[in-house]
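What follows is a set of notes on a single structure, which appears directly below.
The values are calculated or read from the model by the stated rules, or taken from the named source; none is laboratory data. Predicted, not measured: the structure shown is a model, and the values here were computed from it. Heads up, the Cβs are rebuilt from the backbone with ideal geometry, glycines too, and the neighbour counts pull from every protein chain shown.
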Amino acid sequence: MKNGDQYVDRLRQMKRNVYVRGKTVPRDDPLFSSALSITRLTFDAAFSDAYRPLVVTKSHLLGEEINRFNHLHQSPDDLLRKQEMVRVLAPLAGGCIQRCMSNDVLNALGIVTKEIDEAKGTEYHDRFLQYVKEYQKNDLIAAGCQTDVKGDRSKRPHQQVDPDLYLRIVEKRRDGIVVQGAKMHSTIAAYVDELLVIPTRALTPQDEDWAVAFAIPADTEGIKLITRVTAPRGRIECKAPYSETAGWADSVTVFDHVFVPNERVFMCGEREFGARLALLFANNHRHSYTGCKPGVTDIIMGACALAAEYSGVGNAPHIRDEITELMVIAELVYASGIAASVKAKQTSSGIWEPAFLYSNTGRYLAGKNIYHEYDTLTSISGGLPSTLPFEEDWLNPETRGYLEKYMMRNPEVTADKQHRLFRFISDFSCSAVGGVMQYAGVHGGGSPIMELIGIRSQYDLESRKKLVRHLAGIEEYDTETKKQLARNLAHMDD
């Protein structure tokens with residue numbers, strides 16, 4: 001396993017292909033300092049007495065200890081441990097731990113490469129396992145690259161005016177393939193070792209060229225990472241962990257005739273498995289969300305409780321009820337992830353797949369409630385986070401006294417604590433970081449409409465109709481039908 005310093009040292013050795021504000025920048029540029037502090041945390045946690053039990057596990061491939069972010073789930077307990085790890089680390093990082101995407105793609109690829117081999121007689125799975133061994137041995141970190149730019153949303157890949165609007169294979173060689181196109185919303189792509197590329201949708205027989213999955217070093221020739229950086233507002237003297245650790249970067253990841261060697265190709269034209277791979281990654285990632293999203297709610301409810309306490313209204317019944325609602329949301333989402341772990345199924349690859357119904361239910365609840373949670377924080381905090389004077393005015397002897405005097409609320413809480421809390425709430429909810437977090441809370445891992453579609457497509461509504469036909473006296477069922485109905489209603493066969 002590697003520590004944070006070793007990880008950043010690797011980044012320094014990579015070729016420059018990251019573009020920010022019209023110029024190329026190194027991967028350890030100060031622009032990325034807050035973002036790198038988060039990914040560094042995922043490495044350093046493996047050497048921390050406090051977090052090591054959560055972050056370190058044993059590889060079934062190497063027989064050695066590895067970082068859990070690089071693990072292929074070998075049991076329902078592995079899924080539970082991942083969920084616990086993410087719930088603990090995500091709030092420490094200010095809301096998003098960033099490294100879960102690569103784990104979710106790896107597990108999806110591990111399952112689907114085996115299924116393609118079984119159906120097609122290919123050798124993707126062994127190829128993938130060899131890749132994962134090196135990945136684990138070197139404690140690498142990757143970005144998941146799934147979302148295509150999509151062009152005209154009413155058209156399939158082969159129907160687009162520009163065929164590159166979905167990433168595609170443009171050439172097949174004896175030793176590999178050449179790909180062309182771009183992926184959007186590639187979080188952390190600017191500061192990782194590898195890019196893991198998978199399809200974004202179901203594919204038709206005419207879409208074979210777009211059925212491609214592979215792994216590639218992030219600085220490979222032909223890759224350009226056009227990057228938007230989001231970072232907290234800088235602090236002068238009022239230092240705080242959040243202001244140094246909450247940040248990330250998202251890239252338009254361009255593949256301009258990029259060569260991928262065969263040993264790194266995990267799907268090449270098997271379009272029947274495009275939807276399976278896309279949905280399986282989404283399922284794993286939504287399961288991760290059942291860990292990180294309750295962690296974000298932990299931050300929000302803590303901020304609500306402190307804002308009320310510091311304002312002298314911590315025991316107001318309506319505020320206590322609003323905070324209790326946040327508790328319910330957090331634990332329902334978390335419970336969905338626990339259910340998805342306990343009800344997981346082992347696939348032919350040996351990797352366990354979270355129960356789709358529950359991971360999607362949890363992610364849907366999280367996405368639909370994110371603005372309600374921020375609304376609660378806004379209501380309890382009042383307008384101060386949006387109008388708080390600049391830190392320089394707190395440091396100015398001419399104005400500091402006034403601010404300390406008129407900032408006071410609960411007389412038992414010092415002006416300095418009031419200032420620190422409301423500056424944190426301002427940074428967390430009323431800033432560029434806050435805006436991105438709210439959008440990510442809705443769309444990250446799949447927008448709520450996608451969870452609804454997924455749940456509806458796999459939910460046994462017919463059994464519920466049978467139940468009511470029985471209760472209403474419309475139909476009578478024999479014993480075997482009743483047994484099967486009971487199993488269906490309790491999701492015993494899911």
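Observations, loosely collected:
- Residue in segment 119-142 that is part of a strand (DSSP E or B) and under 22 Å from THR42 (Cα atoms) present: yes
- Condition check for GLY121: surrounded by fewer than 24 Cβ atoms within 10 Å (Cβ to Cβ), at pLDDT 95 or above and more than 26 Å from SER348 (Cα to Cα): no
- Scanning segment 229-287 for residues that are part of a strand (DSSP E or B) and of a type in the set (Phe, Trp, Tyr) yields TRP248, PHE255, PHE259, PHE266.
- In segment 474-494, the residues that are farther than 16 Å from GLU462 by Cβ form Cβ pairs under 8 Å with partners that are surrounded by 13 or more Cβ atoms within 10 Å (Cβ to Cβ), at six or more places apart or across chains, as follows: GLU476/HIS470.
- For segment 458-494, the tally of residues that are within 29 Å of the chain's Cα centre (by Cα) and surrounded by fewer than 10 Cβ atoms within 10 Å (Cβ to Cβ) stands at 1.
- Selection of segment 302-351 for residues being in contact (Cβ under 8 Å) with a residue 12 or more places away in the chain and touching a strand residue (DSSP E or B) at 6+ places or on another chain (Cβ under 8 Å) yields ALA344, THR347.
- Test result for GLY151, farther than 23 Å from LEU280 by Cα, of a type outside the set (Lys, Arg), surrounded by fewer than 19 Cβ atoms within 10 Å (Cβ to Cβ) and touching a Phe, Trp or Tyr at 6+ places or on another chain (Cβ under 7 Å): no
- Residue ranges of strands (runs of 3 or more DSSP E) in segment 21-106 with at least 2 members touching a helix residue (DSSP H, G or I) at 6+ places or on another chain (Cβ under 7 Å) and in contact (Cβ under 8 Å) with a residue 60 or more places away in the chain: 65-67
- Flag for ARG363 being part of a helix (DSSP H, G or I) and either closer than 18 Å to SER431 by Cα or not assigned by TED's automatic domain parsing to the domain that holds ALA305 (or both): no
- Of the set (1) over 21 Å from VAL442 (Cβ atoms); (2) over 26 Å from the mean Cα position of the chain (by Cα), all apply to GLU244 but (2).
- Residue in segment 246-256 that is under 19 Å from LYS183 (Cβ atoms), crowded, with 24+ Cβ neighbours inside 10 Å and either charged (D, E, K, R) or touching a Gly at 6+ places or on another chain (Cβ under 6 Å) (or both) present: yes
- The lone exception for ASP209 - which of (1) surrounded by 21 or more Cβ atoms within 10 Å (Cβ to Cβ); (2) part of a loop (DSSP other than H, G, I, E, B); (3) among the charged types (D, E, K, R) it fails: (2)
- Residue tally, condition within 27 Å of VAL313 (Cβ to Cβ) and either among the charged types (D, E, K, R) or not assigned by TED's automatic domain parsing to the domain that holds TYR310 (or both), over segment 393-412: 6
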